[in-house]
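Here the structure comes first, spelled out in structure tokens, and everything after it is commentary.
The values are calculated or read from the model by the stated rules, or taken from the named source; none is laboratory data. Worth saying up front: this structure is predicted, and the values here are computed from it rather than measured. With ideal geometry, Cβ positions are generated from the backbone for all residues, glycine too; neighbour counts draw on all protein chains shown.
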Amino acid sequence: MSTLPTAPVMHRPEASVQPPPLHYPLGEQLPASGSVTEVAPGIFWLRMGLPFALNHINLWLLRDRMPHPTQAGVMQEGWTAVDCGIDNPATREAWLQVEQALLQGLPILRVLVTHMHPDHMGLAHWLCERWQAPLWISTSEYQSAMLACSGQSNFGGDATVKFFAAHGWTQPDELAVVSSRVGYYPSMVPKIPPTFVRLMAGAPVKIGERTWQCISGFGHSPEHMALHDAHNQLLISGDMLLPSISTNVSVYAMEPDSNPLQLFLDSLDKMAHLPDETLILPSHGRPFKGAANRIAQLRAHHDERLSELLEACSQQALSAHDALPLIFRRALDVHQTTFAVGEAVAHLNLLWLAGRLARHRGADGIYRFSTAQS
């Protein structure tokens, strides 16, 4: 458990806290873009490229069988795709290569998306249309994707600029870039399937011969769903549990006083019971074992950052932008800073809402945090 108050697209490397030993049963093996690696019977690992510093996403294809849509009493053999990659020509071409290399002439029967971020949701519309397959996703993620695809998102525009400015990011040229990012999400997720099947926390999902249980996660996205197969000790963790980078957890303009870091830490409790032998299939990095060690390391990592912020705010009042060098030990470009400021606010909000820090808005309109008076 966290020793500080209780009540992941930028995913960043952890600088000063070394992870406890994790076991990587596949070693250094990585599938090339457009190829697959079998990680368990009937479960295949795909690795698609991304045009970011985080340059890949792991996707999963699971052998499946479902009732035939037009033939009563007939089961149809095929595949379930878990997550999709962004919509660009390279990712579409990689999927076409996978279709030839793996699908064995069988259809994709459904497209299951862990959450609405572009690298997970981008090609869902294309896959669903290509295979006449339903989209499976949680309601909050689906609705958030619809808003973002329409340009009403947290990724750019005047509301986002005002939010960042209120937290100390005031450079006009950089904020002009942020303002122009209204089309950022639709550029990678141009369409959303018009209907979906709802995933709910605790609900079972039968995929082939396996039964998976949905585990909801909060803080990184509105209602992230991981999939746990307890019988075979498998977890498709999405972005909630990654082996070597910490999941981005940010406050956004639409919910400026939220506490996503506490939500994220609380969500980790739902995975803390997993046996050490559970094979975790993450969205970034290599499949690994050692869930409890990884969760303990993540808690220690965030505790260290929170302690550093408490100490710094006892010396002088800080805005989130002022706090960036404490949390990120490297230079950040504008794209990275949009996520970094949101994550700095998440850490400061946790301490403020727990009563450890006070928040004041100055005459310049900027929020600053300082040690709360007892």
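Quick notes on this one:
- Failed item in (1) in contact with a Ser or Thr (Cβ under 8 Å, 6 or more places away or on another chain); (2) over 29 Å from Ala291 (Cα atoms); (3) exposed (fewer than 15 other Cβ atoms within 10 Å of the Cβ), with His231 passing the rest: (2)
- Among the residues examined, Asp158 does not qualify as under 25 Å from Val177 (Cα atoms) and buried (at least 23 other Cβ atoms within 10 Å of the Cβ).
- Entry remark, the range 62-95: residues being of a type in the set (A, V, I, L, M) and assigned to a loop (DSSP other than H, G, I, E, B) number 3 in total.
- Single residue of the range 315-374 satisfying the filter (buried (at least 16 other Cβ atoms within 10 Å of the Cβ), out of contact with any Phe, Trp or Tyr (no Cβ under 8 Å at 6 or more places or on another chain) and of a type in the set (D, E, K, R)) that is nearest to Val249 (Cα to Cα): Glu343
- Residue match in the range 220-238 (condition: within 21 Å of Phe339 (Cβ to Cβ) and touching a Lys or Arg at 6+ places or on another chain (Cβ under 8 Å)): no
- Where His321 falls short, out of the listed (1) at pLDDT 95 or above; (2) in a loop (DSSP other than H, G, I, E, B): (2)
Quick grid of which residues meet (1) under 30 Å from Leu235 (Cβ atoms); (2) in contact with a strand residue (DSSP E or B) (Cβ under 6 Å, 6 or more places away or on another chain):
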| residue | (1), (2) |
| --- | --- |
| Arg294 | yes, no |
| Glu304 | yes, no |
| Ala323 | no, no |
| Leu357 | no, yes |
| Asp364 | no, no |
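- When the range 1-25 is filtered for residues that are in a loop (DSSP other than H, G, I, E, B), in contact with a strand residue (DSSP E or B) (Cβ under 7 Å, 6 or more places away or on another chain) and at pLDDT 55 or above, the ones remaining, listed by number, are Leu22, Tyr24, Pro25.
- Cβ-Cβ under 6 Å pairs, at least 6 apart or on other chains, the range 124-137 side in the same structural domain as Pro67 (by TED's automatic domain parsing), far side assigned to a helix (DSSP H, G or I) and among the small types (Gly, Ala, Ser): Leu135/Ala124
- Cβ-Cβ under 8 Å pairs, at least 6 apart or on other chains, the range 297-315 side within 18 Å of Leu242 (Cβ to Cβ), far side of a type in the set (A, V, I, L, M) and in a helix (DSSP H, G or I): Leu298/Leu268; Arg299/Leu265; Arg299/Leu268; His302/Leu261; His302/Leu265; Arg305/Leu326; Arg305/Ile327
- Filter result for Ser216 (within 30 Å of Pro25 (Cα to Cα) and among the small types (Gly, Ala, Ser)): yes
- Yes/no for Thr70 being more than 18 Å from Asp239 (Cα to Cα), modelled with pLDDT of 85 or more, surrounded by fewer than 17 Cβ atoms within 10 Å (Cβ to Cβ) and out of contact with any Cys (no Cβ under 7 Å at 6 or more places or on another chain): yes
- Verdict on Leu135 being surrounded by fewer than 22 Cβ atoms within 10 Å (Cβ to Cβ), of a type in the set (A, V, I, L, M, F, W, C) and touching a strand residue (DSSP E or B) at 6+ places or on another chain (Cβ under 6 Å): no
- With respect to being at pLDDT below 95, more than 27 Å from Pro325 (Cβ to Cβ) and surrounded by fewer than 16 Cβ atoms within 10 Å (Cβ to Cβ), Ser180 falls outside the description.
- Some residue of the range 300-315 being not in a helix (DSSP H, G or I) and not assigned by TED's automatic domain parsing to the domain that holds Arg181: no
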